[in-house]
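One structure below.
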Amino acid sequence: LRYLKLNRGILAVSLLKASISLAATGAFQVIQVRLAEQVYVIGEGGSTSLGILYAVVGIGTGLGPIWARKFTGDREQPMRRAIAIAFFVTALGLMITAPLPGFGLVLVGTFLRGFGGGLIWVFSTQLLLQLLPNRVRGRVFSTEFAFQTLMAAAASYVGGWGLDHPALGITGMLWAMSGLTLVFGVLWMLWLALNQRRVQAVAG
């Protein structure tokens, strides 16, 4: 924790997984079960529709970083910018899903959510691998995992709580998640801009 306190750039990257888990991933694990069981029921108790949702998330999560890496390579700044874009892609996926426009469009939204979330997950890991010295790498990764686990647990709880309140429900929760994802995306962009100004000031 002392290392992260002294190296705020590393801290910002190490919080990316926690951010996306809190905003878009943790609660959706709960929501997609409700979607399959009560809204888009395919198979016994929605088992087939749930399997389809998981499959689409997996495809998006895998394709996101693979596709983006063709443009970024292992270059630090392009990867940082790609993460910013990924927050907005994730938010777009949640926005498409929120009105529950039909199973096909829900799958499109789910794919985009997985696409953006997978990119953030993989690229944040790659950045830490490139930036961290060997002596602290294990401790920083374990701290990052702790942050992510705590936020995923909190989001899952809030997701279940929201589904039990008619004022929110599935649609309300998804809109709230998309808004929070946008907030994290804007914060990441502001951090990048501030960091760029510092670099330019030092260079100047």
**OP:** Distance between Cα centroids, the stretch 13-27 to the stretch 137-184: provide it in whole Å.
**Re:** 7
Subject >> the chain, relative contact order [Cα under 8 Å, separation at least 6], % >> reply: 34
Subject >> Cα-centred dipole magnitude for the stretch 2-198, charges only on beta-carbon of K, R (+1) and D, E (-1), debye, nearest 20 >> reply: 1140
Original post:
Considering the zone a paramagnetic label at Ala193 would reach in this model (a point 7 Å from Cα along the Cα-to-Cβ line), which residues of the stretch 84-99 have amide N under 19 Å from it?
Top reply: 84-89
Original post:
Are there trypsin sites (Lys or Arg not before Pro) in the stretch 1-109 that DSSP puts in a loop and that have at most 15 other Cβ atoms within 10 Å, and which ones?
Top reply: Arg75
Original post:
Do the sum for the chain: with -39,500 (n - 2.57) for every DSSP H run of n ≥ 4, divided by all residues, what is the mean residue ellipticity at 222 nm, to the nearest 500 deg cm²/dmol?
Top reply: -28000 deg cm²/dmol
Original post:
Which of Ile83, Ile66, Ile120 moves most in a GNM of the chain, Cα contacts under 10 Å?
Top reply: Ile66
Subject >> Label corresponding to Cα extents along the principal axes in Å when calculated from the structure given, among (1) 42, 40, 30; (2) 50, 44, 31; (3) 61, 33, 28 >> reply: (3)
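Readers should treat all values here as calculations from the given coordinates under stated rules, not as data from a laboratory. None of the values given here were measured: they were computed from a predicted structure. Cβ coordinates were reconstructed from backbone atoms using ideal geometry, including for glycine residues, and neighbour counts include every protein chain displayed.
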